[in-house]
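Please read the structure below before turning to the comments.
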Amino acid sequence: MIQENVKETVKDGAEKVKDVIQEDIWGTILEFLSIGFHFKSGNSTIDLTIGHLLLVILAFIVASGILRLIRSLITRKMDLENELKFKSIFKFIRYLVYLTVILITLSASGIDVTVLLTASAALFVGLGLALQDLFTDIIGGIFIMLDKSLSVGDVIEVEGKVSRVFEIKLRTTRALTRDDKVIIIPNHKFISDIVFNFTQNHRTTREAVKVGVAYGSDTDLVKKILLDCVANQNGVLKSPKPFVLFEDFADSSLAFGVYFFITDSFSDPRIKSEIRFRIDKEFRKNNISIPFPQRDVHVIKTPTSI
């Protein structure tokens, strides 16, 4: 009898605890989670509550952890340069994943996502038109990083400006010009415009200095002087060997070009300037003149009639 009374008492206590948990504690939690905003859209209702917000935050945390794990697995065997490029691409992918997670989470929590998409369709169209250049730049940045058409340290020429790349981002590329100015290049330029990359294949480039000498000059001596001036110049490679081309019989001069190879295309104006100084000095020593265009004007007098 006593045991039965004890059982009944325990049973009644358990039911009371259960009722307290379900009605008081859990009911209070559900009531708290249901606090939020409720909107009517036609026959549908859009509910934005604390519960939905917490669910989105939890989904963000889980998605971030998974993305971080994937990134570490992929980049653990990459060198530093490729790792930085992949992180830039991965940042863009992460934004897309976050957007997808938000939509899936809201849909799973009972919110009709199509209502949100329909209501904001005009906004998305406007944003798409306003940000189309931004998206083009981002796509260009992804292509640059994937096909490795551009790397940090490359010497490039864009719209007549020669510069050295020092940073490649997802939207823009930054380079330093020869006069120490930073040029910010939108990445779509590299997929829509013609861009010269002086160091894509290797660091060695061929340069030239052109000069004209007067008719009657000793052409063999001119060739020797040009080769000597280049051979004694710092920064010019011994191999491949420099060479001279007799390029043309011009209107006022004999046109020559001395061709040579260097490993620093970024500083080639300085090297060319020093070579020109040497050429001018040696020509003066050997009485070789550099002509300038001349024109003969003949004045014809016609008799005047009386």
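Taking packing as the residue-averaged number of other Cβ atoms within 10 angstrom, the listed peptides 136-149, 201-214 run from highest to lowest as 136-149, 201-214.
Evaluated on the range 171-221, the Kirkwood hydrodynamic radius is 15.2 Å, with distances taken between all distinct Cα atoms. Volume of the convex hull of the range 146-197 (Cα atoms only), normalised per residue: 71 Å³.
The peptide list 186-198, 238-250, put in order of mean Cβ contacts within 10 Å with the highest first, becomes 186-198, 238-250. Judged by the mean number of other Cβ atoms found within 10 Å, the most tightly packed of the peptides 215-228, 280-293 leads the ranking 215-228, 280-293. Lysine pairs in the range 146-197 whose alpha-carbon atoms fall under 14 angstrom of each other, counting only those eight or more residues apart or on distinct chains, come to 4.
No value in this document is a laboratory result; all are computed from the given coordinates. Everything numeric here is computed off the predicted structure, so don't read it as measured data. FYI the Cβ positions are ideal-geometry reconstructions off the backbone, even for glycines, and counts take in every protein chain you see.
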